[in-house]
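Note sheet for the following structure.
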Amino acid sequence: MKKIQTTCPYCGTGCNIDLHVENNKVKKATPTKGHHVNDGELCLKGLYGWEFIHSPRRLTKPLLRKENNKFSKKGRLVEVSFEEAYDFISSRIKSTVEKYGVDSMMGFSSARCTNEDNYIFQKFFRVLGTNNIDHCARL
Ligand code: SF4
């Protein structure tokens with residue numbers, strides 16, 4: 001079984017975890033011994049919260065609400081290509097900014113994203129022209 005050291009993504013503490021991987025599947029997680037943050041300790045989330053990785057219920061493709069093959073808030077979620085999803089998102093951002101101004105936009109990120117993800121996220125909103133950025137830890 002292969003052991004892969006990584007950082008727990010559940011909160012900002014930064015505990016290090018050894019993921020035990022066999023046949024490309026995570027079998028269990030153990031705390032990284034001697035690491036300066038958690039030194040062999042993990043909370044329950046870090047220790048047991050990994051079943052989602054291989055869950056068949058995970059979303060792996062974009063979904064869009066549609067009715068009669070067009071977007072509708074009351075429509076059913078249907079699978080679409082990434083290209084269609086990105087086109088839809090960018091057209092909605094553009095029309096919202098044109099109608100209400102850039103400060104009508106707000107970016108809301110997640111404490112479960114990596115620092116790098118959050119950096120790119122805030123950069124994206126600042127490039128759009130707004131500083132309206134926050135994340136779930138303040139809720
Ligand atoms: S193991 Fe627990 S305390 Fe450590 S980073 Fe993960 S969620 Fe946070």
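Mean sequence separation of contacting Cα pairs (under 8 Å, at least six apart), scaled by the length of the chain, corresponds to a relative contact order of 14 percent. Full extension of the chain between GLU98 and PHE71 yields a length gain of 7.7 nm, computed as 0.36 nm times the residue separation minus the alpha carbon distance.
In percent, how large is the relative contact order of segment 2-54, given Cα pairs closer than 8 Å and 6 or more residues apart?
Contact order relative to length: 28 percent.
Net length available on complete extension from VAL127 to GLU41 is 26.9 nm, with 0.36 nm assigned per residue and the Cα-Cα distance removed. Largest GNM mean-square fluctuation across THR13, THR96, THR60, computed for the chain with C-alpha springs under 10 Å, falls on THR60. With a Cα cut-off of under 25 Å and a minimum spacing of 8 residues unless on different chains, the lysine pairs in segment 48-139 number 16.
Averaging Cα coordinates gives a centre for segment 103-119 and one for segment 1-69; these two points are 20 Å apart. Taking only Cα atoms, what is the 0 to 90° angle, nearest 10, from helix 82-100's long axis to the longest principal axis of the chain? On a 0 to 90 degree scale, this one is about 60. With springs connecting C-alpha atoms under 10 Å apart, model the chain as a Gaussian network and identify which of GLU98, GLU51, GLU67 has the largest mean-square fluctuation. Taking springs between Cα atoms under 10 Å, the residue moving most is GLU67. Of all the options LYS66, LYS25, LYS123, the one that moves most in a Gaussian network model of the chain with Cα springs shorter than 10 angstrom is LYS66.
So between ARG57 and PHE88, what do we pick up on full extension, going 0.36 nm a residue minus the alpha carbon distance?
Full extension of this stretch gives 8.8 nm more.
Values in this text are rule-based calculations from the coordinates and carry no lab data. None of these values were measured; they are calculated from a predicted model.
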